[in-house]
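What follows is a short report on a single structure.
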Amino acid sequence: MIAALKGRVEATHEGGCVFDVNGVGYLLSCSRKTLDALTGREGVQRLLVETRVSQDAITLYGFFDAAEREAFRALIEVKTVGPQKALIVLSSLSPDGLARAIAGKERKRLSEVKGLGAATANRIVDEPAMQKWAVGRATPDADGEGALPAALPEQGAEADAVSALVNLGWKQPQAAAAIARAAKRLGDAATLDALIRDGLKEMAR
């Protein structure tokens, strides 16, 4: 089984990419968020991989981080939610956003994910294993670590800035809080570079 790959993006297509590892191209299915993260960078990158074996195929699913792979594994255990629908969900919602939606029983929010449908959205919310997964992510540890920010941005410059700080080694709750403070100070016209720069200043305080 393949657990991770280190290489370069050779080509992208709807729903995935070709990932070149020492001259061998691996066809990976990915969420839109993972594809955006990959194409937004240059050089050698590392992808986590989930290998699924069926009667007629071996399919590789690529993930930019462990949180997304964990969410994917949880989703595909829900009846009628296969790998492709799981990727549809993760293309629209971050793992933390999904956890909040499930823990808060936000059926409408999930049903609005294009290609999912109300019945599947309800099944995801009602699945006990998904509730356990979501509450586990949404509940802070005793020392406060792991707490989800009240309004983690789903997309745009703020979300990209949070991701940049997380990739630098900061924990997501602290990174999100720092970027939120920076965004409030800089205003709606703040650029990604400005948000990252001011976010780092906030983290250093």
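Rolled with a 1.4 Å probe across the full set of protein chains, the surface gives THR59 an accessible area near 40 Å². When PHE72, PHE64 are compared by accessible area of protein heavy atoms, the largest-first order is PHE64, PHE72, using a 1.4 Å probe. Here r is the Cβ-Cβ distance between ASN167 and LYS105 and R0 is 41 Å; the resulting FRET efficiency, rounded to 0.05, is 0.85. Counted residue by residue at 0.36 nm each, then reduced by the alpha carbon distance between them, the extension gain from ALA119 to ALA4 reaches 38.1 nm.
Here the spin labels are modelled as points 7 Å beyond Cα on the Cα-Cβ line, and at THR51 and LYS79 they lie 3.1 nm apart. In whole angstrom, the range 1-47 maps to an equivalent ellipsoid with semi-axes of 15, 12, 10, each derived as √(5λ) from the alpha carbon gyration tensor and ordered largest first.
Based on the Cβ-Cβ distance from ARG185 to ARG32, what FRET efficiency comes out when R0 is 41 Å, to the nearest 0.05?
Result of the calculation: an efficiency of 0.85.
Annotation note: trypsin sites (Lys or Arg not before Pro) in the range 1-51 located in DSSP loop regions with a Cβ neighbour count of at most 15 within 10 Å are ARG41.
For ARG181, the solvent-accessible surface with a 1.4 Å probe is about 110 Å², rounded to the nearest 10. Restricting the GluC sites (Glu not before Pro) of the range 1-97 to loop positions (DSSP other than H, G, I, E, B) with no more than 11 neighbouring Cβ atoms within 10 Å leaves GLU14, GLU42. Can you give me the relative contact order of the chain as a percent, contacts being Cα pairs under 8 Å and 6 or more apart? That works out to 12 percent.
Below 10 angstrom from the Cβ of THR34, what's the summed charge of the other residues (Lys, Arg +1; Asp, Glu -1)? Spelling it out: positives minus negatives among the neighbours equals 0.
Stretching the chain fully between GLU70 and VAL24 yields a gain of 13.9 nm (0.36 nm per residue, less the alpha carbon separation).
Evaluated at q = 0.17 Å⁻¹, the base-10 log of the normalised Debye intensity for the range 40-136, with identical point scatterers placed on the Cα atoms, takes the values -0.73.
In plain terms, the bigger the Kirkwood radius, the slower the diffusion; for the chain, with that radius from Cα pairs, at 25 °C and 0.890 mPa s, Stokes-Einstein puts D at 136 µm²/s.
The values are calculated or read from the model by the stated rules, or taken from the named source; none is laboratory data. Owing to the predicted nature of the structure, the values given are computational and were not obtained by experimental measurement. Note that we place each Cβ from the backbone using ideal geometry, even for glycine, and neighbour counts take in every protein chain shown. The accessibility values were calculated without ligands, DNA or RNA, using every heavy atom of the protein model including side chains. Shrake-Rupley method; radii C 1.70, N 1.55, O 1.52, S 1.80 Å.
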